[in-house]
Amino acid sequence: MCGIVGYYGEQQPKDVIISGLKALEYRGYDSAGVTILEADGFKRVRAEGKLSNLQSKLEAETFSGRLGIGHTRWATHGPPVEKNAHPHLVAGTSIVHNGIVENYADLKEELAALGASFESDTDSELIAHLVSREIAEGKILFDAVLAVLPKLRGAYSVLVINDQHPDEIVAFKNGPPLLFGADAKQVVVASDLQAILPYVQDVVFLEDDEIAHCKGSEVSVFSADGKPLKKKSQHIQWDKELTEKQGFSHFMLKEIYEQPRAVANAIDQHINLETKSIELNRLGFGQGVLDDIERLNFADDLENTNDVLKGIERIFVVACGTSFYAGLVGEYLIERYSKIPVECELGSEFRYRYPVIPENSLVITISQSGETADTLAALRLARDHGAQILSICNVKNSSIDREADGHMYMNAGVEIGVASTKALSSTLGLLTLLAGALAKSRGLLPPEQEQSFVETLLAAPSHMESVLA
Ligand code: GLU
């Protein structure tokens, strides 16, 4: 997943955008670019390869504008060369796009028939063409985007700016995440919290098919058919230390050393330390899809969660990458202790293979970011089949977390390293607890065994510390 940052406000957009893109740099990308609105129109600078290439190009330029958008690209349509880098710019409309426009071939053909010529090989450029055509017909920017939305199929998060709307950003999404933070001085829109938090700590997450209209530092959110929506912002604590290397030579090494703490933080919340018993009965089941996980009422869910766990007859663990490997271990653990049949599958297989999901199934989705597209699609499929969904995420309020019925948290802190370490260890701690809790719900873990199970698990972080030392 690549990065998107947009800015309007008192600071230099270029600086905010570059610092935001840097915060997302760990995800990998092949090129980068920015568009800034200057007094004489858009100035666009793009470069292949590292952000530092873009930065050196930017050094030669001076900027005084207040509006800008930027992007780090992970090519899907067209090679990673400068002409395909975002932002795209068509007749005074500039856009950045994460994701894929699935009906791109049809749209391209239609636009070509209308006389459009294309400067890139991307699917993304078509969005700029479509919006700029609507504007040419006399629509204001926001209405132009509303008119284009029904034409797009696929997964996208998009920012659009136009040189006749010098204080506006229009943002919309279907699939990849997009959120914004605004205060009296500025608005920052981005694909990830890390790009926003240094500037604004009150943020709003957009849902699929929502459009945010930023004008000045005011942001209004609408449904895809233009109806105003009420969205609540949430305050997120920003801990600068957590995203710094703290003396380690790279993030992954730092995170390897953080494993013992991560595991302890993940399991402690589900253990009664006095009685040495598992208390996995506060997962928030029965409260539906939430727009804000902080609103979960744990006091009300004790019975719901116990009932859900007792009623489970079949378990699927669905995940991708490292989380999938954690799931494979989970499969062994859960079957061994609870005797419930478990199947662990890649999200990308599960979602496309017409799986049989019997009644009383629990689908456990594991994703560090909570945004893994295939896992999210698998979750929705499983939910449509009537399964209960339990998510294991590191990022609270991420898409997967919000859409699940029950919620467990890795509590590993920000994980920057692309190769997952502490999030994997935390997940294994949680899956072990879950195996114990499911066994307990079936009478397969009598109290004295439960106590030694819990003691063994509680000792894991200190064993990890010895190994690391
Ligand atoms: N599909 C677009 C492209 O190839 C966007 C890819 C991305 O998410 O960075 O340019």
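Hey, can you tell me all the residues within segment 66-88 that are under 15 Å from LEU51 (Cα atoms), open to solvent by less than 30 Å² (accessible area, probe 1.4 Å) and away from the ligand (no atom under 11 Å from the Cβ)?
ILE69, GLY70
Please go through segment 429-464 and pick out each residue that is surrounded by fewer than 22 Cβ atoms within 10 Å (Cβ to Cβ), hydrophobic (A, V, I, L, M, F, W, C) and in a helix (DSSP H, G or I).
If the condition is that a residue be surrounded by fewer than 22 Cβ atoms within 10 Å (Cβ to Cβ), hydrophobic (A, V, I, L, M, F, W, C) and in a helix (DSSP H, G or I), then PHE453, LEU457, LEU458, ALA459, ALA460, MET464 are the ones that fit.
Say we look at segment 53-63 and pick out the residues that are open to solvent by 30 Å² or more (accessible area, probe 1.4 Å) and either part of a helix (DSSP H, G or I) or at pLDDT 95 or above (or both); which of these is farthest from the ligand (Cβ to nearest atom)?
Taking segment 53-63 and keeping what is open to solvent by 30 Å² or more (accessible area, probe 1.4 Å), we get 53, 55-57, 59-62.
Within this subset, residues satisfying the condition of being either part of a helix (DSSP H, G or I) or at pLDDT 95 or above (or both) are 53, 55-57, 59.
Details: ASN53: 17, GLN55: 19, SER56: 22, LYS57: 19, GLU59: 24 Å.
Here the residue is GLU59.
Go through segment 24-52 and give me each residue that's of a type in the set (A, V, I, L, M), more than 15 Å from the ligand (Cβ to nearest atom) and either closer than 21 Å to PRO80 by Cα or part of a loop (DSSP other than H, G, I, E, B) (or both). Give the steps one after another, and end with the answer.
Of segment 24-52, the ones of a type in the set (A, V, I, L, M) are 24, 32, 34, 36-37, 39, 45, 47, 51.
Those left that are additionally more than 15 Å from the ligand (Cβ to nearest atom): 36-37, 39, 45.
Residues satisfying the conditions are ALA39, VAL45.
Quick check, is ILE4 under 23 Å from the mean Cα position of the chain (by Cα), within 16 Å of the ligand (Cβ to nearest atom), in a helix (DSSP H, G or I) and buried (at least 24 other Cβ atoms within 10 Å of the Cβ)? Can you show your working first?
Working: under 23 Å from the mean Cα position of the chain (by Cα): yes; within 16 Å of the ligand (Cβ to nearest atom): yes; in a helix (DSSP H, G or I): no; buried (at least 24 other Cβ atoms within 10 Å of the Cβ): yes.
When the stated conditions are applied, ILE4 does not pass them.
Go through (1) touching a residue at least 40 places away in the same chain (Cβ under 8 Å); (2) in a helix (DSSP H, G or I); (3) open to solvent by 10 Å² or more (accessible area, probe 1.4 Å) one by one and return the number of the condition VAL414 breaks.
All conditions are met except number (2).
Quickly run through segment 31-56 and pick out the residues that are in contact (Cβ under 8 Å) with a residue 40 or more places away in the chain, touching a helix residue (DSSP H, G or I) at 6+ places or on another chain (Cβ under 9 Å) and more than 21 Å from LYS173 (Cα to Cα). Even if it seems obvious, please write down each step before you answer.
Start the filter on segment 31-56 by keeping residues that are in contact (Cβ under 8 Å) with a residue 40 or more places away in the chain, which leaves 31-35, 37, 41-42, 44, 46.
Those left that are additionally touching a helix residue (DSSP H, G or I) at 6+ places or on another chain (Cβ under 9 Å): 31-34, 37, 46.
The answer is SER31, LEU37, ARG46.
Only one of LEU149, LEU126 is within 28 Å of GLU371 (Cβ to Cβ), part of a helix (DSSP H, G or I) and in contact with a Lys or Arg (Cβ under 8 Å, 6 or more places away or on another chain); which? Before the answer, list the steps.
Details: LEU149 fails: in contact with a Lys or Arg (Cβ under 8 Å, 6 or more places away or on another chain).
After applying the criteria, what remains is LEU126.
Select the strands (runs of 3 or more DSSP E) contained entirely in segment 180-236, then report the ones holding at least 2 residues which are of a type in the set (Val, Ile, Thr).
On the way: elements: 186-190, 202-205, 210-215, 218-223.
Strands (runs of 3 or more DSSP E) meeting the threshold: 186-190, 202-205, 218-223.
So which of ALA387, ALA378 ends up being farther than 27 Å from SER191 by Cβ, touching a residue at least 24 places away in the same chain (Cβ under 8 Å) and surrounded by 20 or more Cβ atoms within 10 Å (Cβ to Cβ)?
Working: ALA378 fails: farther than 27 Å from SER191 by Cβ.
None of the others qualify; the one that does is ALA387.
Would you confirm whether any residue within segment 164-171 is under 22 Å from the mean Cα position of the chain (by Cα), in contact (Cβ under 8 Å) with a residue 12 or more places away in the chain, within 13 Å of the ligand (Cβ to nearest atom) and part of a strand (DSSP E or B)?
Among the residues of segment 164-171, not one is under 22 Å from the mean Cα position of the chain (by Cα), in contact (Cβ under 8 Å) with a residue 12 or more places away in the chain, within 13 Å of the ligand (Cβ to nearest atom) and part of a strand (DSSP E or B), which makes the answer no.
Note down all Cβ pairs under 7 Å where the first residue falls in segment 430-452 and is more than 17 Å from VAL342 (Cβ to Cβ), the second is crowded, with 23+ Cβ neighbours inside 10 Å and among the β-branched types (Val, Ile, Thr), and they're at least six residues apart or on different chains.
Pairs found: GLU450/ILE278.
Given the options ALA91, ALA112, ALA116, name the one that is open to solvent by 60 Å² or more (accessible area, probe 1.4 Å), more than 16 Å from the ligand (Cβ to nearest atom), modelled with pLDDT of 95 or more and of a type outside the set (Ser, Thr, Tyr).
ALA91
Mind checking which helices (runs of 4 or more DSSP H) fall wholly inside segment 307-408 and carry at least 3 residues that are among the hydrophobic types (A, V, I, L, M, F, W, C) and out of contact with any Phe, Trp or Tyr (no Cβ under 8 Å at 6 or more places or on another chain)?
Details: elements: 321-338, 347-350, 373-384, 399-403.
Answer list for segment 307-408: 321-338, 373-384.
Any residue at all in segment 133-150 that is open to solvent by 20 Å² or more (accessible area, probe 1.4 Å) and within 16 Å of the ligand (Cβ to nearest atom)?
no
The values are calculated or read from the model by the stated rules, or taken from the named source; none is laboratory data. Just so it is clear, the structure is predicted and the values come from calculations on it, not from any experiment. Because the Cβ atoms are built from the backbone with ideal geometry, glycine has one as well, and the counts that use them run over all protein chains shown. Ligands, DNA and RNA are stripped out before the accessible areas are found, and what is left, the full protein with its side chains, is counted by its heavy atoms. Shrake-Rupley method; radii C 1.70, N 1.55, O 1.52, S 1.80 Å.
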